[in-house]
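All remarks here apply to the structure that follows.
The values are calculated or read from the model by the stated rules, or taken from the named source; none is laboratory data. Just so it is clear, the model here is predicted, and its values are computed rather than measured. Note that each Cβ is placed from the backbone with ideal geometry, even for glycine, and that neighbours are counted across all protein chains shown. The protein model used for the area step is the full one, side chains on, heavy atoms only, and it has no ligands, DNA or RNA in it. Shrake-Rupley method; radii C 1.70, N 1.55, O 1.52, S 1.80 Å.
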Amino acid sequence: MVLNRHKPQAVLMHLDDDAMLAEPGIRRALAAALYRDESLSLGHAARFAGLAVGDFISHLSRIGIPVVKGTAASVHEDTEVIAAWRKGSSQQTPAP
């Protein structure tokens, strides 16, 4: 147990025992927490949880963890940049 000024802050445990990770929901909960804290990328967290990325996104949404981060304006700008990039890359002809 990790204490902060004599108050419990966290509990640390080894994950050497695969039985604990095999318990229902443990991998999903741990993956979601690690993603939320930006310790794992979306893809790595989904893989750790044993889910497809789309299913993991749905799981995060159900438990209130945002997948898209930023303001509405920055998300809109990113969407426009991606759309322009996709349009430009689809117009290129493949090399022989």
**Complete:** Ranked by GNM mean-square fluctuation in the chain (Cα springs under 10 Å), the top entry among Val67, Val11, Val81 is Val11
**Item:** the stretch 20-85 - accessible surface per residue (Å², probe 1.4 Å)
**Value:** 67
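If you roll a 1.4 Å probe over the chain with all protein chains in place, what percent of the accessible area is carbon or sulfur?
Details: 4500 of 7790 Å².
For the chain, the apolar C and S fraction of the accessible surface comes to 58 percent.
Quick check: with the 1.4 Å probe, what order do His6, His76 take by accessible area, largest first?
Largest accessible area first, the residues go His6, His76.
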**Request:** Bin all alpha-carbon pair distances of the chain at 10 Å intervals from 0 and give each bin's fraction as a whole percent.
**Result:** 13, 29, 28, 17, 10, 3, 1
**Request:** For Met13 paired with Arg86, estimate the spin-label separation in nm (one decimal), with each label point 7 Å from Cα along the Cα-to-Cβ line.
**Result:** 4.3
**Request:** With springs only between Cα atoms under 10 Å apart, run a GNM on the chain and tell me which of Leu42, Leu51, Leu15 wobbles the most.
**Result:** Leu15
**Message:** If the only charges are +1 at each Lys and Arg Cβ and -1 at each Asp and Glu Cβ, what is the size of the charge dipole of the chain around the Cα centre, to the nearest 20 debye?
**Reply:** 220
**Message:** Full-extension gain between Ile26 and Ile57, please, as 0.36 nm times their residue separation minus the C-alpha to C-alpha distance.
**Reply:** 9.5 nm
**Item:** Contact order relative to length of the chain, as percent, for alpha carbon pairs under 8 angstrom and 6 or more apart
**Value:** 12
**Listed residues Arg62, Arg27, Arg86, most fluctuating in the chain (Gaussian network, C-alpha, under 10 Å)** = Arg86
**Prompt:** Taking every eigenvalue of the Cα gyration tensor of the stretch 9-58, multiplying by 5 and rooting it, what semi-axes result, largest first, whole Å?
**Reply:** 19, 14, 8
